[in-house]
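What follows draws every value from the coordinates through simple rules; no lab data is involved. All figures in this text were calculated on a predicted structure; none of them were measured in a lab. Quick reminder, even Gly has a Cβ in these numbers, built from the backbone with ideal geometry, and neighbours come from all protein chains shown.
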Amino acid sequence: MSGAPYVEGHGLLAGMTAVVTAAAGTGIGFATARRFVEEGARVVLSDAHERRLAEAAEALGMPGVACDVTHEAQVRRLFAEAADALGGGIDVVVNNAGLGGTVNLVDMTDEQWGKVLDVTLTGTFRCTRAALVHMQERGGGVIVNNASVLGWRAQAGQAHYAAAKAGVMALTRCAAVEAAPFGVRVNAVSPSLAMHPFLSKVISEDDLARLEAEEVFGRSAEVWEVANVIVFLASGYSSYMTGEVVSVSSQHP
């Protein structure tokens, strides 16, 4: 089945400011940053890969701040520099940084487990904490975390990634309860399979083909299709939603 037509911007984020992590390259992060710009937002892009970050920032005409989310000092610097670049206020933070890989549990080392958890879960925690400090002082804001259907569903070789994404879901719900009195909403998206070139480096072609076949549409999502849902959660159209994890999937039940 062919992909859906690209949806043009409608100004859903006009006048808003945002920070998007892991926004370089060809994945969901860059697609989200691009969709935010198309919807009228001013965006600070962030990524640990400085060369790709510079290319992405140039492509969108927006500033970029290098940040490795496993380092607290870099996370603090990201939010300080982003707030300065955006004129003092950050309306939306998209926590997209994550790390995957495929290895069976019996073969998994502590280092492999720890690295995925540090980037995917603890990195999201660090950025969520920094965002909440900023947004609670301002009296409002939106945080959107990138989870995964593997937080709900089992897949061989993905114990570390699935555990991290399940943690992102729980973190999202707890943060939402704490942030609500300050006018801050916290939600997450949970994609099943969004195809981009990086996936072939961590998942075999056979496994990717199998996963695509499990989708009702017979294809993976385009990264911008996931970004569209992030735009919705960042916008006023989702004003009564917090603590929710929205599945972006066409998998069989």
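For the chain, the membrane-span-like helix rule (DSSP H, alpha carbon extent of at least 24 Å along the helix axis, mean Kyte-Doolittle at least 0.0) picks out 159-179; this says nothing about an actual membrane. Expressed to the nearest 5 percent, the antiparallel share of DSSP beta bridges inside the chain is 5 percent.
Between GLN136 and LEU105, the modelled label-to-label distance comes to 3.5 nm, taking each label 7 Å out from Cα in the direction of the beta carbon.
Mean residue ellipticity at 222 nm from the helices of the chain, using -39,500 (n - 2.57) per DSSP H segment of n ≥ 4 over the full residue count, to the nearest 500 deg cm²/dmol? List each step's numbers first, then the result.
Working: 9 runs with 106 residues, N = 253.
Computed mean residue ellipticity for the chain: -13000 deg cm²/dmol.
Near VAL186, the amide H atoms lying under 5 Å from its own belong to ILE143, GLY243; only residues 5 or more places off or on other chains count, and H is placed 1.01 Å from N.
Taking label points 7 Å from Cα along the Cα-to-Cβ direction, TYR240 and VAL177 give a separation of 2.2 nm. Taking other Cβ atoms within 10 Å as a rough exposure proxy, CYS127, CYS67, CYS174 sort from fewest to most as CYS174, CYS127, CYS67.
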